[in-house]
1. Suppose we filter D529, D496, D462 for residues that are among the acidic types (D, E) and touching a strand residue (DSSP E or B) at 6+ places or on another chain (Cβ under 6 Å); which single one remains?
2. Please enumerate the residues belonging to the stretch 347-403 that are among the small types (G, A, S) and either closer than 19 Å to I523 by Cβ or in a strand (DSSP E or B) (or both).
3. Output the residue which, of all residues in the stretch 144-155 that are closer than 21 Å to A28 by Cβ and at pLDDT 70 or above, is surrounded by the fewest Cβ atoms within 10 Å (Cβ to Cβ).
4. Can you go through S274, S241, S233 and tell me which one is touching a Leu at 6+ places or on another chain (Cβ under 9 Å), over 30 Å from K374 (Cα atoms) and among the small types (G, A, S)?
5. Which residues, counting only those in the stretch 71-101, are buried (at least 16 other Cβ atoms within 10 Å of the Cβ) and among the β-branched types (V, I, T)?
6. Name every residue in the stretch 412-429 that is assigned to a loop (DSSP other than H, G, I, E, B) and of a type in the set (A, V, I, L, M, F, W, C), in order of residue number.
7. Which of the numbered conditions does F334 fail, given that it passes all the others? Conditions: (1) loosely packed, with under 13 Cβ neighbours inside 10 Å; (2) aromatic (F, W, Y); (3) at pLDDT 90 or above.
8. Scan the stretch 417-429 for residues that are free of Cβ contacts under 8 Å to residues at least 60 places away in the same chain, open to solvent by less than 70 Å² (accessible area, probe 1.4 Å) and of a type outside the set (S, T, N, Q) and jot them down.
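The values are calculated or read from the model by the stated rules, or taken from the named source; none is laboratory data. Since we're looking at a predicted model, the values are computed, not measured. No Cβ is skipped: glycine too gets one built from the backbone with ideal geometry, and neighbour counts run over all protein chains shown. We work out accessible area using only protein heavy atoms, side chains counted, and drop any ligands, DNA or RNA first. Shrake-Rupley method; radii C 1.70, N 1.55, O 1.52, S 1.80 Å.
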Amino acid sequence: MNPIIIRTLKKHGVAFTLLVIFTIISTALITGNTYLEGRLLDSLVYSHRPTLFITFFVLMLGIGILRLFFSFFTSHIQILTKQETVLELNRKIFFELFKKDTLSILKWSPTTLSSRINDDVTEIVSFFSDTLVKLCSVIVSTITISAYVFSADPKIFIIMIIFIPIYFLIYIVFRPKIYSINLTMKNKQNEYYTTRNDFVGRYIEIKGSGNFSSEKKRLRTVEDGLLKTFVKSFWVRYWMSTSQIVMQLVFQAVFFIVGGLAVLRGNITIGFFSIVLQYFGQLLNSVDQIFGIAIGTEKYHASLTRMKRIFDIAADKNGDRPISSVRAIDINNFNIKMFPESKKDSKMFYSQDLSCSFENPGMYVISGDNGIGKSTFVRTITRIYQPKLRGSVLINGLDVNKIDMDALRQKEMGFLFQDVPSPHITVREYLSDLERNGFLNDLKESRPFLNVYFSDVFNLADIYEKKVDVLSSGELQLVRLLAALGKKDASMYILDEPTANIYPQIRSAVICLLQELGKSKLIITISHDEHLIGLGKSIVME
């Protein structure tokens, strides 16, 4: 099990331990209450002693009150503590993803990855908060019942002893299929929810293109695959349940015959028969729970298997040399290896090696055909992407592999990306960091910023309470650009298509803003804007 899971479970270990203790006590109380019911019945039928009847009644009432007391704590832990653990573990695992190799993470669908982690985390926590607790309850109940029945009537005890192993045999037969189907079902469910969310997310595209029927067919295909898995699960569970019912009927018949004859012969009292009858029912319930526990255990193993695949994603490589600011970036004979070095047909991402330099301050414009790899280039030299490289990338004369790039990106680099999803939050929330660092107040005193963000064409205040994902393309681009430039202490900014989708009336104002920033910062832009290309130091990728 991964250390993150272990540490989180240990943190809440006291609560789960108390849950086990309270459950064991509650189980013992339930078992004891059954015994008292039988004794109370005997006191009415045989002894006719009111005081004895009242004594058993008061004891049963006290047990009921105690069960209410323990019920509050067990419910609190199983509901609140469990959900707290699930949320905390989800959070820690999602944060851990940002330490993983970016290109490996991008191979996953965001919806699939998110739902998969949540499903598996819930299953793992449920194993400790529910499944193990049930197992402890079953063990205590079975031992207590067996001890009492053995001391009272060994023949009935032998019937129970024969009954339990046969039940376990049924589980052993069905176990491999239970595990396999649970693993397949989890994967199919994630695939289905991903396809369904994509269907809704592409609402406008599907409606506009008129290909609803083909998209519906694709969703139905995934749905049919999930349904087939449900059918397999049904048949496994059905035959397992049928085997259980048959075994119960056989042993119930034997038990009633043996117990009933014992009562008729006067070997046992009606109260004892009532106790054993209820204990046998509890034992049946315990054995049924064992099957639920077995299924829960296999789900737990399936979730651990799936979670391991996520944890096994290679971690980002990060150096330990700190840099206070970016003075220069030098690229020498740079290229990206598309295949592992061991392959004979190893190819390079770019048709020719790249060499260039970026000096701070200054504004640079990277241009070239679409799809040539401009965005990949800037994401690689800043170590967001970490493919295998040829050549060298130096920042302030240091090899980028030796630099603490996580800290450098956090403090010294502002980024504007294209083609990233927009969050469903307000512009105010999106720019909250800028409010905290005082940037929004500062920009009102800057003429270049005022010309862009508080002009007759666009006014930031007008969209401040709008959701980011419903902004027009022009509004969205300006908000994202502001978020990138709002890291006011950064020494450089990397801006992917900063003038794309901008209102024509203020495009020149945006370019003037970038020019002004380029006098004191390093500005690296990716752009097809001829006006911007003509003003910055041009780097053409071919």
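1. D496
2. Within the stretch 347-403, S355, S357, G362, S367, G368, S375, G391, S392 meet the criteria.
3. S151
4. Being touching a Leu at 6+ places or on another chain (Cβ under 9 Å), over 30 Å from K374 (Cα atoms) and among the small types (G, A, S) holds for just one of S274, S241, S233, which is S274.
5. T74, I77, T81, T85, V86, I93
6. Passing the criteria: F417, V420, I425.
7. Result: F334 passes all but (1).
8. If the condition is that a residue be free of Cβ contacts under 8 Å to residues at least 60 places away in the same chain, open to solvent by less than 70 Å² (accessible area, probe 1.4 Å) and of a type outside the set (S, T, N, Q), then V420, P423, I425, V427 are the ones that fit.
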